[in-house]
1. Report the label-to-label distance for S11 and H170 in nanometres (one decimal), using points 7 Å from each Cα along the Cα→Cβ vector.
2. Tell me, in nm to one decimal, what length is gained between R21 and V36 on full extension, where the rule is 0.36 nm per residue of separation less the Cα-Cα distance?
3. Hey, any idea what Rg/Rh is for segment 57-148, computing Rh the Kirkwood way over Cα pairs?
4. Along segment 142-149, what does the Karplus equation 6.51 cos²θ - 1.76 cosθ + 1.60 (θ = phi - 60°) give for ³J(HN,Hα), rounded to whole Hz, x for Gly and Pro?
5. In µm²/s, what is D for segment 10-101 at 37 °C and 0.692 mPa s, where D = kT/(6 pi eta Rh) by Stokes-Einstein and Rh is the Kirkwood radius from Cα pairs?
6. Suppose the chain between S137 and A124 were pulled fully straight at 0.36 nm per residue; how much longer would it get relative to their current alpha carbon spacing?
7. Return the Cα extents of the chain along principal axes one, two and three, sorted largest first, each rounded to a whole Å.
8. Can you list which of the trypsin sites (Lys or Arg not before Pro) found in segment 1-68 are DSSP loop residues with at most 12 other C-beta atoms within 10 Å?
Amino acid sequence: MASAVLGQKFSVLFDWFDQDRDGQLSAGDLQATAKVFAQVARDEDHTNVAAIHSAFGQWWQLLLEHADTDGDGQVSRAEFVTAMQDSVTAPEHFECAVMAIADAVMNAADTNVDGVLSKDEYVAMYEVLGVSAEQSSPAFARLDLDGDGVISHHEYRTAIVDFYLSTDPHAPGNYLLGPVEATSL
Ligand SMILES: [Ca+2]
Ligand SMILES: [Ca+2]
Ligand SMILES: [Ca+2]
């Protein structure tokens, strides 16, 4: 089922993943994206670094299987958007690809290991991912659903589910990548 809102969000995601900016996703793009996400973790945090690389690997396998229709090892923007909606976010795949990355990144970003993300931890995480504090700060307030000043694991997972599954143009999780709302929603 096609949704314009989901299409816009997955198009923004495509731009994140297309690290060499050639308009196609390849295995190398996903590996490069995994490296960027893994930088959220400290070097000695082998568990989360390994989890991030493994989950991006699974994500790429899903794209090869469901999106690369002509088998050339490249996935176009249109193929990506369709495969994201039809396959990657299907319940049987969502946890092992998308949610596994979200869990590992949140654990890695929780540098004082208190189980929640403070605003400083959240902003620092997005700076590593290339999103400025000006963009990530307003998103923090929206994702902090109960307004207690920190983002719990539950709130973070809710944001991930919103971003990947909600067709509501005003879902708080649409702000997960900060700039999405400013540019296209
Ligand atoms: Ca590319
Ligand atoms: Ca923390
Ligand atoms: Ca909260």
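Values in this text are rule-based calculations from the coordinates and carry no lab data. All values derive from a computational prediction rather than experimental measurement. Positions of Cβ are generated from backbone atoms using ideal geometry, with glycine treated the same way; all protein chains shown enter the neighbour counts.
1. If labels sit at S11 and H170, their model points lie 2.3 nm apart.
2. On the way: separation 15, 0.36 × 15 = 5.40 nm, distance 1.51 nm.
Length gained, R21 through V36: 3.9 nm.
3. Values: Rg = 16.4 Å, Rh = 15.2 Å.
With Rg and the Kirkwood Rh in hand, the quotient comes to 1.07.
4. Once rounded to whole Hz, the list reads 6, 7, 7, 4, 8, x, 8, x.
5. Numbers: Rh = 13.2 Å.
My calculation gives 248 µm²/s for D.
6. Working: separation 13, 0.36 × 13 = 4.68 nm, distance 1.04 nm.
Stretched out fully, the S137 to A124 stretch lengthens by 3.6 nm.
7. Sorted from largest, the Cα extents of the chain read 48, 38, 30 Å.
8. Numbers: sites: K9, R21, K35, R42; in loops: R21, R42.
Passing both the DSSP loop test and the Cβ count: R21, R42.
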